[in-house]
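The values are calculated or read from the model by the stated rules, or taken from the named source; none is laboratory data. Since this is a predicted model, take the numbers as computed values, not measurements. Positions of Cβ are backbone-derived with ideal geometry, glycine not excepted, and every protein chain shown enters the neighbour counts. Remember, those area values only see protein heavy atoms, side chains included, never the ligands or the DNA or RNA. Shrake-Rupley method; radii C 1.70, N 1.55, O 1.52, S 1.80 Å.
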Amino acid sequence: MSFRDQTKDQIQDPVEDRIQVDTPEQIALEFPLAGIGSRFMAIALDTLIQLLLYLGGIFAMIGVVKFAPNLPVSLNWLPGSWLPALLILFLFCVYWGYFAVFEIFWMGKTPGKHMAGIRVIKDTGRALNVYEIIGRNLLRAIDWLPFLYVVG
């Protein structure tokens, strides 16, 4: 039988991964699991946003150093050795805080996840709490090892 001879009922849709949760009221809820394509798109967009934040912070620090003598307010309280420390603090906060802050305040979504139409939930279908989100994002650095998410 050729492909043309198959009826619409005989052509099967690709199997979609789902998680099924039974509620106490015996109602089965099904949640589709995000595929590798939507996950990749989400992390790519989030990485691009983080890169833009990094570049914005670096250019802002360069602008402060270059144009500080021309500013109407005095920056004497900010010695030159503090600027690299502030830049490192900013980069640290963007790296460690980006995903956690967005997932806490956007109900499990980051801008990339929002664009991809996915979000983070528990295996019970409920939203994660603050401690679970922070723990999840602390493990992101371990998941990144050894070769840019190849193993993870």
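Of all residues in segment 95-133, those being part of a helix (DSSP H, G or I) and within 25 Å of G56 (Cβ to Cβ) number 18. Mind checking whether some residue in segment 75-91 is closer than 25 Å to D46 by Cα, at pLDDT 75 or above, open to solvent by 100 Å² or more (accessible area, probe 1.4 Å) and under 30 Å from the mean Cα position of the chain (by Cα)? Taking every residue of segment 75-91 in turn, at least one turns out to be closer than 25 Å to D46 by Cα, at pLDDT 75 or above, open to solvent by 100 Å² or more (accessible area, probe 1.4 Å) and under 30 Å from the mean Cα position of the chain (by Cα). For segment 93-124, filtering for residues that are surrounded by 14 or more Cβ atoms within 10 Å (Cβ to Cβ) and closer than 24 Å to D17 by Cα leaves 14. Tell me yes or no: at least one residue of segment 28-43 is within 14 Å of the chain's Cα centre (by Cα) and open to solvent by 100 Å² or more (accessible area, probe 1.4 Å). Checked against the condition, which is being within 14 Å of the chain's Cα centre (by Cα) and open to solvent by 100 Å² or more (accessible area, probe 1.4 Å), segment 28-43 yields at least one hit.
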